[in-house]
Amino acid sequence: MRIAIDGPAAAGKTTLARSLAEKLGYLFVPTGAMYRAAALAKKRGMAPEKVCIEVREGGRILLEGEDVTELLENSDLDELSSQVAVDGRVRRHLVALQRQIAQGRQVVMEGRDIGTVVLPDADLKIFLWAEPEERARRRLAERGGDFQEILAAIHRRDERDSTRKDSPLRPAPDAVILDTTGLSREQVLTVALELVEERRAKLAR
Ligand code: DC
């Protein structure tokens, strides 16, 4: 099965996709981290539309062969990756890599355009949503900082990610919209596992 999880910044996509992949024994592919690696490449003076980015077991990311996973959650890459992601050349490069990774594999892939562009024929599409204030509270708990600044950054990224010309953030018509406002990580995982079971049963019919 190929599972696509999309949604806005800090909606819990990475957390859900990682635990779902672990439970199912599928490959976890965090495409947000791939855009972050492209942003890091740009910061290092490389051409982000050409760099070699690989995804390894557990969603570890290699940039030109170097494991950069630990460097990617840096807040300056939140903004820079959203800017780099507007560039059509970068998107074409990364979408091609993402399709190659998913080829013939069981994957849980998370991002913004997985159900709409990268894997339009995914077996299950989940669009993860939560109110911006709740997303900002979750980010604050994870990384610390100032609530109003985090909230403003989330609004800024939501706006840029959903209004860009090339593959804007939006739910695929056949995606299940999962509003996680007020739900714990465990509750979200339970709902997602139920959706997987339903889909498996349908596919087996
Ligand atoms: O999910 P994230 O915050 O790690 O993603 C970082 C940025 O990358 C996000 O602001 C938009 C971009 N992105 C994208 O355009 N398409 C994807 N499939 C994944 C991320």
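Quick look at the values:
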| read-out | value |
| --- | --- |
| Any pair with Cβ under 6 angstrom, 6 or more apart, that starts in the stretch 154-169 at a residue that is closer than 10 Å to SER82 by Cβ and ends at one that is open to solvent by 60 Å² or more (accessible area, probe 1.4 Å) and near the ligand (Cβ under 10 Å from one of its atoms) | ARG164/VAL86 |
| GLY58 vs. criteria away from the ligand (no atom under 13 Å from the Cβ), open to solvent by less than 70 Å² (accessible area, probe 1.4 Å) and closer than 30 Å to ASP174 by Cβ | yes |
| Counted residues, the stretch 18-35 - those being open to solvent by 20 Å² or more (accessible area, probe 1.4 Å) and either among the basic types (Lys, Arg) or under 14 Å from GLY65 (Cα atoms) (or both) | 2 |
| Of all residues making up the stretch 117-137, the number that are of a type outside the set (A, V, I, L, M) and farther than 27 Å from ILE150 by Cβ | 4 |
| Residue in the stretch 114-147 that is nearest to the ligand (Cβ to nearest atom), counting only those that are out of contact with any helix residue (DSSP H, G or I) (no Cβ under 6 Å at 6 or more places or on another chain), open to solvent by 30 Å² or more (accessible area, probe 1.4 Å) and of a type in the set (A, V, I, L, M, F, W, C) | VAL117 |
| Those residues of the stretch 1-15 which are in contact with a strand residue (DSSP E or B) (Cβ under 8 Å, 6 or more places away or on another chain), outside any strand (DSSP E or B) and within 24 Å of ALA96 (Cα to Cα), in sequence order | MET1, GLY7, PRO8, LYS13, THR14 |
| Top-ranked residue in the stretch 87-106 [being under 13 Å from the mean Cα position of the chain (by Cα) and open to solvent by less than 10 Å² (accessible area, probe 1.4 Å); ranked as farthest from SER162 (Cα to Cα)] | GLN98 |
| Candidates ARG170, ARG139 - the one that is within 16 Å of the chain's Cα centre (by Cα), charged (D, E, K, R) and not in a helix (DSSP H, G or I) | ARG170 |
| Given (1) surrounded by fewer than 16 Cβ atoms within 10 Å (Cβ to Cβ); (2) part of a loop (DSSP other than H, G, I, E, B), number of the condition THR190 does not satisfy | (2) |
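The values are calculated or read from the model by the stated rules, or taken from the named source; none is laboratory data. Values in this document were obtained by computation on a predicted structure and should not be read as measured data. Cβ sites come from the backbone with ideal geometry, for glycine too, and all protein chains shown count toward neighbours. Protein only, heavy atoms only, side chains kept; ligands, DNA and RNA dropped before computing areas. Shrake-Rupley method; radii C 1.70, N 1.55, O 1.52, S 1.80 Å.
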